[in-house]
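For reference, the structure is listed below as structure tokens.
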Amino acid sequence: MNSDRPFRLGVLGSGKGSNFVALAEAIAQGVVPAEVAIVLSDVEDSGILAQARARQLMARYIAPGKFRTKLDEEAERAYVSALQEARVDLIVLAGFMRVLKGDFLRAFEGRIVNIHPSLLPCFPGLEAWKQAFDHGVKVTGCTVHFVDAGVDSGPIIGQQTVPVLDDDTPETLHARIHAAEHELYPRCVAALAHGSIVVRGRRVVWKRGDLVVG
Ligand code: GAR
């Protein structure tokens, strides 16, 4: 962390924004030594933008362009400029449902993190909690990882386990995974803001010993 100024986050999301809220609350409580510089969404009426505006944070919808699962070139440029102008140190994907590609990844290499609702590398991609439920696993959870050019494939920063109960439905399981995410993501972002994370190839080491495996 640069001690001259706060560690600045750019948060990207497409959905209701509960992970963003957990992060914003952890920041407000002083648990995460950072500030939210900007919140961006590819969904104009998303909850995450409403939550950011309710907190008087800079929040912008940027149209994603013509593709369904990624940003088109013009949109990618607009996202990169907005994040650079906001001078972000870390990009936090909080339910951003588009895959980030080349120029975006190059602009913020090693500085993009994501949260995923399974214990990666199991069940990458969409509706991971439902994939886990349908597979019949007894334990699942959530993962915070660095973003690389693959889908949910970058080095793992932290994981938290969630048991699958006999009377679970995909929805009840999803709700408990969400609750675990709200604990895990602020802890991981705090560690990144403290500069206590070291990446050695695929292995991410927590220098202060605050190991994150739930
Ligand atoms: C979270 O469960 C997150 O793990 C998932 O979207 C949800 C967003 O919820 N992300 C992915 O599946 C990305 N592959 P939120 O908008 O309430 O934070």
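The values are calculated or read from the model by the stated rules, or taken from the named source; none is laboratory data. Just so you know, these numbers come straight off a predicted model, no measurement behind them. Because the Cβ atoms are built from the backbone with ideal geometry, glycine has one as well, and the counts that use them run over all protein chains shown.
Below are the figures for this structure:
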| read-out | value |
| --- | --- |
| Restricting the range 1-18 to residues that are surrounded by 18 or more Cβ atoms within 10 Å (Cβ to Cβ) and more than 15 Å from the ligand (Cβ to nearest atom), the residue that is nearest to ARG98 (Cα to Cα) | GLY10 |
| Search result, residues across the range 138-162 that are at pLDDT 95 or above and under 16 Å from ILE91 (Cβ atoms) | VAL144, HIS145, PHE146, VAL147, ASP148, ASP152, GLY154, PRO155, ILE157 |
| Which numbered condition LEU90 misses (of (1) within 16 Å of the ligand (Cβ to nearest atom); (2) in contact with a Lys or Arg (Cβ under 8 Å, 6 or more places away or on another chain)) | (1) |
| Test result for GLY65, closer than 21 Å to GLY15 by Cβ and in contact with an Asp or Glu (Cβ under 6 Å, 6 or more places away or on another chain) | yes |
| Strands (runs of 3 or more DSSP E) enclosed by the range 111-214 - at least 3 residues per element that are under 16 Å from the mean Cα position of the chain (by Cα) and within 12 Å of the ligand (Cβ to nearest atom) | 112-116, 139-146 |
| Answer from ALA50, ALA78 - the residue that is over 18 Å from LEU192 (Cα atoms), of a type in the set (A, V, I, L, M, F, W, C) and away from the ligand (no atom under 16 Å from the Cβ) | ALA78 |
| The range 1-53, residues that are more than 17 Å from HIS182 (Cα to Cα) and assigned to a loop (DSSP other than H, G, I, E, B) | MET1, ASN2, SER3, ASP4, ARG5, PRO6, ASP42, VAL43, GLU44, ASP45, SER46 |
| Checklist (1) more than 20 Å from PHE108 (Cβ to Cβ); (2) touching a strand residue (DSSP E or B) at 6+ places or on another chain (Cβ under 7 Å); (3) touching a residue at least 60 places away in the same chain (Cβ under 8 Å) applied to ALA26, failing item | (2) |
| Odd one out for ASP103 among (1) over 29 Å from VAL204 (Cβ atoms); (2) loosely packed, with under 15 Cβ neighbours inside 10 Å | (1) |
| Residue among LEU165, LEU184 that alone is of a type in the set (A, V, I, L, M, F, W, C), at pLDDT 95 or above and more than 30 Å from ASP4 (Cβ to Cβ) | LEU165 |
| Among (1) more than 11 Å from the ligand (Cβ to nearest atom); (2) of a type outside the set (Phe, Trp, Tyr); (3) modelled with pLDDT of 95 or more - the single one VAL21 does not satisfy | (1) |
